[in-house]
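Have a look at the structure below, then the notes.
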Amino acid sequence: MKLVIVAGPPSAGKTAVIRQIVKTCAQTDRPAYLKIDVVRAFEDEELRAEFGIPARKVYSGDLCPDHMGVMVLRMR
């Protein structure tokens, strides 16, 4: 499994970068998308509809999204 983590402040262009990664990877791999955030977002739904890939979002609540990422990955 290859894992790519894209992080940055709001409106930095993360979703645009992810779209390009998915377009490139979809030709040879089976990409999936996981969004961990503290606010409501819809990128998972948009990417699922646009590319037909598995996509999910998790709200971290009071926990830092970076630390939540470790907890989510540990569950698998």
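From the residues in segment 42-60 that are surrounded by 15 or more Cβ atoms within 10 Å (Cβ to Cβ) and out of contact with any Phe, Trp or Tyr (no Cβ under 8 Å at 6 or more places or on another chain), which one is modelled with the highest pLDDT?
The extreme case among them is 51.
Are any residues in segment 21-41 loosely packed, with under 10 Cβ neighbours inside 10 Å and not β-branched (Val, Ile, Thr), and if so, which ones?
The answer is 27, 30, 40.
The values are calculated or read from the model by the stated rules, or taken from the named source; none is laboratory data. Everything quoted here is computed from the prediction, not taken from an experiment. Quick reminder, even Gly has a Cβ in these numbers, built from the backbone with ideal geometry, and neighbours come from all protein chains shown.
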